[in-house]
Amino acid sequence: MTSPTPSIGFSTCDLCDSLKADTSGAIRWLPGSLYRSYGGFDRFAGPIATVRCLEDNSLVKAAVESFGAGRVLVVDGGGSLRRALLGGNLGASAAKNGWAGVLIHGAVRDLQELKAASVGIFALGHVPMPTDRRGQGVEDVPVQIEGHWLRPGEWIYADEDGVVVTPGPVHPAH
Ligand SMILES: O=C([O-])CC(=O)C(=O)O
């Protein structure tokens, strides 16, 4: 594993310690074993932006090539490992354009290049075959990941222990 983002001092375990009494259903979490960390940082957090697409990364490319403003791009790729939704070029674009992270419920490729990108990248797996870009998909919509709704503007926190989603930013006491 590479180092976590130095400027981000949270851990999902600390977050969950401070949020565990909230039984409202507003807090959602996913196990760390679901995703593998592929980027230069193993920890990232920020407001959510979304893309939903299946084996077509047109909108992923458009998103990472636009200003990220510290957001995390959540890509609902339907869990497909047949085509890679992000590779070295798009990972480098995400880093250059100020995205805090990209979480892909699907596959990535170009593992060496992704490790060199200064951005957090979590994905289900990796596969060498890229997508065909046909302009298909939707952006800025709620996406459903493992049965949990994740909405644009909500906050996501990701590290090796797992992924936590909250309605807004959380600052746990240390
Ligand atoms: O361009 C793509 O479709 C994915 C890729 O290989 C890259 O980001 O370098």
Roughly speaking, what is the stretch gain from residue 148 to residue 160, that is 0.36 nm per residue apart minus the C-alpha to C-alpha distance, in nm to one decimal?
2.4 nm
On full extension of the chain, what length is gained from residue 112 through residue 134, given 0.36 nm per residue of separation minus the C-alpha to C-alpha distance?
5.2 nm
Label points 7 Å out from Cα along the Cβ direction at residue 17 and residue 82: separation in nm?
4.5 nm
Scanning the chain for trypsin sites (Lys or Arg not before Pro) in DSSP loops with at most 11 other Cβ atoms within 10 Å, what's the longest stretch left with none?
21-133
Within the under-12-Å Cβ sphere about residue 16, not counting residue 16, Lys/Arg +1 and Asp/Glu -1 give a net charge of -3
Expressed as a whole number of Å, what is the distance separating the alpha-carbon centroids of segment 48-67 and segment 13-33?
27 Å
Counting C-alpha atoms alone, how compact is segment 29-161: give Rg to one decimal and Dmax as a whole number, in angstrom.
12.6, 36
Percentage relative contact order, segment 25-166, counting C-alpha pairs under 8 Å, at least six apart
37 percent
Quick one: which residues, 5 or more positions from residue 163 or on another chain, have an amide H under 5 Å from its amide H? H modelled 1.01 Å from N in the peptide plane, none for Pro or chain starts.
30, 32
May I ask you to evaluate 6.51 cos²θ - 1.76 cosθ + 1.60, the Karplus curve with θ = phi - 60°, for each residue of segment 111-119 and list the ³J(HN,Hα) values in order in whole Hz, giving x for glycine and proline?
4, 4, 5, 5, 4, 7, 8, 7, 7
Which residue, 69, 100, 92, tops the fluctuation ranking in a GNM of the chain built on C-alpha contacts under 10 Å?
69
Specify the inter-centroid distance of segment 109-147 and segment 87-107, based on alpha-carbon positions, in whole Å.
7 Å
As I understand it, the dipole of the chain uses +1 on the Cβ of Lys and Arg and -1 on the Cβ of Asp and Glu, about the Cα centre. Which of 86, 40, 75 lies farthest toward its positive end?
86
Within straight-line cross-link reach of residue 115, lysines at Cα separation under 24 Å, skipping those fewer than 8 residues along the same chain:
61, 96
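Readers should treat all values here as calculations from the given coordinates under stated rules, not as data from a laboratory. Bear in mind the structure is a predicted one, so any value in this text is a computation, not a measurement. For neighbour counting, all protein chains shown are included, and Cβ atoms are generated from backbone atoms with ideal geometry for every residue, glycine included.
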